[in-house]
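> Handing you a structure now.
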Amino acid sequence: MRRTAGIVLGAALLATPATTALAAAPPSGEGEPGAQPYIVTLVEDADPHSVAREHRNRHGAEVGHIYGTALRGYAARMTADEVVRVRSDDRVVGVSADRTVSTFAQSTPTGVDRVDAEQSPTANIDGTDDRVDVDVAVIDTGVDLDHPDLNVYEAGAKNCSTGRKADDGNGHGTHVAGTVGALDNDSGVVGVAPGARVWPVRVLDNRGSGRWSDIICGIDYVTQHADEIEVANMSLGGAGTDDGNCGNTDGDAMHQAICNSVAAGVTYAVAAGNDYADASGSVPAAYDEVITVSALADFDGQPGGEAAPTCREDGDDTFADFSNYGQDVDLIAPGVCIESTWMKGGYDTISGTSMASPHVAGGAALYAANNPGASPDQVKSALQNAGTTDWIWPSEDPDGVQEKLLNVATF
């Protein structure tokens, strides 16, 4: 984690690159009019370059790739008559129609699966790009403003940090936004509240650092739009405590700002922190007015603890070995090896309580979409009441209290 005078980003502990898979589409080629794409395979002792050149000159094949190692042959566009002539060559083993490939359809990240978002009638995860009618502010490093898998409300963007706009130069904020509400479409990933309108509120710079004054600027902006924004996520934190009086006793200006924002109707989900320490020593996690979220290590989206670790070592379905804990934690949610959107239109897999918090923000968004006017206390109670204890405990959790695991199946 990177520390500054006033704020520490709840940073990812480990990042691994996302991968893209390919799937075969229906064949194209034979039986269609005009020249079509084919792959020609040759006998072992044939020279693919000379044969391809000969077939081009003699039969009119429009030669493309030539293969000589994994396969002996070439790719070409040919008419049906040209295919017949090429097949008559004794050096040709076969001519097959070329096929198109594309990325696999959208994947459901393990965290979204573990909180049962695919069972939520409001999320309605079915690939049809229905969008949850709710607004969520991501108070973070900004958000990739034109990411194709996010419903970014660019008119609502606010930059309280360095630079000229709220675009994400770090990746962290975009990752958070994807877990909240990545689109339910035919590519990438899907969020807990698919298609939720994301308000990018940039309070941290490209290094993931910022001051309390920057954070308060973001909270102030969200509060100005409390009649539009139902939920805000803060996957960040720094040293501090809760005076039990909304910051009026110890002069904590950020606490005062959050209390006023909550009073205006905005529900805040915040990361517990990644120090394996009591969350009472970190703010905003220590504030009673927010929903503080610890991290669950889950590698397959299922209960039971039987999955092997993937991007980092930890026990499946257990309290993450880095997560803060304590009486200030209100819920636990998946926060290890979470795949989500990333800056520059990409995707990445990272870990941290920063990744757990937006699952809860997405859950709060689902509840708010069906319960307009619900107070932040009502939202918190609804999430806790719907939660389960179906995870291995106490595992690494030392505080003697098994917090509820987020579950949004009924929302």
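> May I ask you to say which residue of Ser375, Ser381 is closer than 20 Å to Ala193 by Cα, without any contact (Cβ under 8 Å) to a residue 12 or more places away in the chain and over 17 Å from the mean Cα position of the chain (by Cα)?
Selected residue: Ser381, the only one of Ser375, Ser381 that is closer than 20 Å to Ala193 by Cα, without any contact (Cβ under 8 Å) to a residue 12 or more places away in the chain and over 17 Å from the mean Cα position of the chain (by Cα).
> Among the numbered conditions (1) under 19 Å from Val329 (Cβ atoms); (2) buried (at least 23 other Cβ atoms within 10 Å of the Cβ), tell me where Val222 comes up short.
(1) is the only condition that Val222 fails.
> Next question. Give the range 264-288 a look and list any residue that's in a loop (DSSP other than H, G, I, E, B), of a type outside the set (Gly, Ala, Ser) and either within 15 Å of Ser357 (Cα to Cα) or not assigned by TED's automatic domain parsing to the domain that holds Val180 (or both), or say none.
Filtering the range 264-288 for residues in a loop (DSSP other than H, G, I, E, B) gives 264-266, 272-277, 284-288.
Narrowing the set further to residues that are of a type outside the set (Gly, Ala, Ser) leaves 266, 274-276, 284, 287-288.
Across the range 264-288, the qualifying residues are Asn274, Pro284, Tyr287.
> Let me ask something else about it. Given Pro358, Pro334, which one is crowded, with 23+ Cβ neighbours inside 10 Å, in contact with a Lys or Arg (Cβ under 9 Å, 6 or more places away or on another chain) and either in the same structural domain as Glu289 (by TED's automatic domain parsing) or basic (Lys, Arg) (or both)?
Working: Pro358 fails: in contact with a Lys or Arg (Cβ under 9 Å, 6 or more places away or on another chain).
Result: Pro334 is the single residue among Pro358, Pro334 that is crowded, with 23+ Cβ neighbours inside 10 Å, in contact with a Lys or Arg (Cβ under 9 Å, 6 or more places away or on another chain) and either in the same structural domain as Glu289 (by TED's automatic domain parsing) or basic (Lys, Arg) (or both).
> Something else: Given the criterion of a type outside the set (A, V, I, L, M) and not in a loop (DSSP other than H, G, I, E, B), identify the matching residue among Thr310, Thr292.
Being of a type outside the set (A, V, I, L, M) and not in a loop (DSSP other than H, G, I, E, B) holds for just one of Thr310, Thr292, which is Thr292.
> Could you run through the range 116-150 and say how many residues are surrounded by 19 or more Cβ atoms within 10 Å (Cβ to Cβ) and within 19 Å of Met234 (Cα to Cα)?
12
> If you don't mind, there's one more thing I want to ask. Got at least one residue in the range 386-401 being out of contact with any Leu (no Cβ under 9 Å at 6 or more places or on another chain) and either not in a loop (DSSP other than H, G, I, E, B) or not assigned by TED's automatic domain parsing to the domain that holds Ser282 (or both)? Please lay out each step first, then the result.
Initial filter on the range 386-401 (out of contact with any Leu (no Cβ under 9 Å at 6 or more places or on another chain)): 392-401.
Checking the rest, the ones that are also either not in a loop (DSSP other than H, G, I, E, B) or not assigned by TED's automatic domain parsing to the domain that holds Ser282 (or both) come to none.
Looking for residues that are out of contact with any Leu (no Cβ under 9 Å at 6 or more places or on another chain) and either not in a loop (DSSP other than H, G, I, E, B) or not assigned by TED's automatic domain parsing to the domain that holds Ser282 (or both), one finds none in the range 386-401, hence no.
> Would you be able to tell me the number of residues in the range 248-278 that are of a type outside the set (Ser, Thr, Tyr) and closer than 27 Å to Tyr367 by Cβ?
Summing the residues that are of a type outside the set (Ser, Thr, Tyr) and closer than 27 Å to Tyr367 by Cβ in the range 248-278 gives 18.
> While we're here: Of all residues in the range 75-100, which are farther than 17 Å from Pro48 by Cα and among the polar types (S, T, N, Q)?
Thr79, Thr100
> Taking the stated definitions as given, is Gly191 crowded, with 24+ Cβ neighbours inside 10 Å, modelled with pLDDT of 95 or more and within 19 Å of the chain's Cα centre (by Cα)?
Judged against the criteria, Gly191 is a match.
> Can you pull out every residue in the range 395-411 that is surrounded by 21 or more Cβ atoms within 10 Å (Cβ to Cβ) and touching a Gly at 6+ places or on another chain (Cβ under 9 Å)?
Correct list: Glu403, Leu405, Leu406, Asn407, Val408, Phe411.
The values are calculated or read from the model by the stated rules, or taken from the named source; none is laboratory data. All values derive from a computational prediction rather than experimental measurement. All Cβ positions, glycine included, derive from the backbone under ideal geometry; neighbour counts span all protein chains shown.
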